[in-house]
1. Could you work out how far helix 297-307 tilts from the main Cα principal axis of the chain, as a 0 to 90 degree angle to the nearest 10?
2. Give me the net charge for the shell around Ala245: Cβ to Cβ below 10 angstrom, other residues only, Lys and Arg +1, Asp and Glu -1.
3. Could you give me D for the range 10-59, from Stokes-Einstein at 37 °C and 0.692 mPa s, where the hydrodynamic radius is the Kirkwood radius over C-alpha pairs? Units µm² s⁻¹, please.
4. Which value, to two decimals, describes the C-alpha radius of gyration of the range 5-180 once divided by 2.2 N^0.38 Å?
5. Can you put Ser429, Ser155 in order of Cβ neighbours within 10 angstrom, beginning with the fewest?
6. Of all alpha-carbon pairs in the range 288-442, indicate the percentage at a distance above 27 angstrom.
7. Lys177: which lysines have alpha carbons under 28 Å from its alpha carbon, excluding same-chain residues fewer than 8 sequence positions away?
8. Once both axes come from the Cα atoms, what is the angle between helix 5-61 and the longest principal axis of the chain, in degrees from 0 to 90, rounded to 10?
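Derivation of every value follows stated rules applied to the coordinates shown; laboratory data play no part. In this text the structure is predicted, and so the values were computed from the model without any measurement. Cβ sites come from the backbone with ideal geometry, for glycine too, and all protein chains shown count toward neighbours.
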Amino acid sequence: MNQNKLFNRTRWQLAISYAAVMGLILSLLGFCVYKAIAHAHWIAIDRELESVAGTLHDSLEIKLQQPGRLEPIVYELLPNLRVIGVNGRKEQFPNRHILSALNQSYYYIRLFDNAGNLIATAGTYPEALPPTFNSQQWQQIADIQGNVYHQISVSLHTKTQQDWGYFQVGRSLQDFKDYLMAVKLILKLGLPTALILVGFSSWWLAGLAMKPIYHSYRQIEQFTADAAHELRTPLAASQATVESALLMPELDEKEAREILRTIDRQNRRLTQLVADLLLLARMDSQVRSDRPQLCCLNDLVNDLVEELAALAKSSEVALTSEIRVQQPLKVVGDADRLYRLVTNLIVNAIQYTPPGGKVTAVLDCTHQEAIIQVQDTGIGIPAADLARIFDRFYRVNRSRSRHTGGSGLGLAIAQAIVTAHRGSLSARSEVGFGSTFVLRLPF
């Protein structure tokens, strides 16, 4: 198939189209996955900050006495508390469970008075962060080094519900950015890898999809060539006969009749060939009898053995039947086509059986199907040819087929009729010992 330019080009087009569509789908999927992961982590950060801020806010408000003033117990609640403008040493206090989040390296706390002045910081406070106050609840700020922080602002009150100031809890977004960078890297590396795999898969799948089409194309190509060859032979013979007659100065009645017989014989052959081709075309289009009928296979086999007895006798072949069932076997189908089917099998067996041989038509059945076997003691079929005997115009022995006048369509027609009746036709053979064709038709 790769040597055919048309199919090779079509295969490439299918593969590229499939890979492009899959690439677009994977890109959109990767973008959506990235956005979903970023959104989920951002929500988690907000909830985390709300939880930490809410816990510390509730713990601080019950201990604040005067606005803008830090009570001594606040030093015990907040680790690394550093009061702005006071030169005092840092005192470490035992961490408590509610403050465990502040022990992580990316959290910090800022305390502002009512005027927006920074009073104190705690936790891992970045010194490069601007000390300006913004009362907006959710903020995203950056220090002079470009590091980004996410923080929440909450108002503080004293025990007597006086405005004390403001309380901010924030955290660095560096771990969040690192995680998203890792996700981006995975997607950037994974998408090209996936596209490469999709490309190879597309090429392979396109090849699989093109195989039956290519096989059909080759069959049509071979059929066209064979049909042209078969039609050319009788046409050429007729043309040669006519040209020979035209070259004769005079024709007597005997010569004229001989020429007409030759032309008539070739025309009959052409008519039969065209009729066979038309039958195959109709069978391929699934044209069936409008009125399916019950066909008795017992009568069909017996009638054919009687009708073809003369042909078998002229070929010095013994033709017999063997009915292995007592009751009549009837199947639903086109009686004329079934008649043509079994006729082709028996005639084929007679033609390929040498003088003194034997052909037997056997009728048998199982619980689900009727079986007709046509057995002969003929020349047999080589194993290499056995798989192709049902192809149109295929002949195992072309010289013998020419002698018997066959066109190579008999078994092809038989196979088409069997397929239309939802049956099966198979053959087994041994060179020099004969062949057996097995026809199975469902009841």
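1. Compared with the principal axis, the helix lies near 40 degrees.
2. Numbers: positive: none; negative: Glu243, Glu255, Glu258.
Neighbourhood net charge equals -3.
3. Values: Rh = 14.1 Å.
For the chosen part, D equals 233 µm²/s.
4. Details: Rg = 24.1 Å, N = 176, 2.2 N^0.38 = 15.7 Å.
Rg over 2.2 N^0.38 Å, computed on Cα atoms: 1.54.
5. Details: Ser429 22, Ser155 15.
With the fewest neighbours first, Ser429, Ser155 line up as Ser155, Ser429.
6. Details: 2202 of 11935 pairs.
Of all Cα-Cα distances in the range 288-442, 18 percent exceed 27 Å.
7. Here the lysines satisfying the reach criterion relative to Lys177 are Lys35, Lys188.
8. 20
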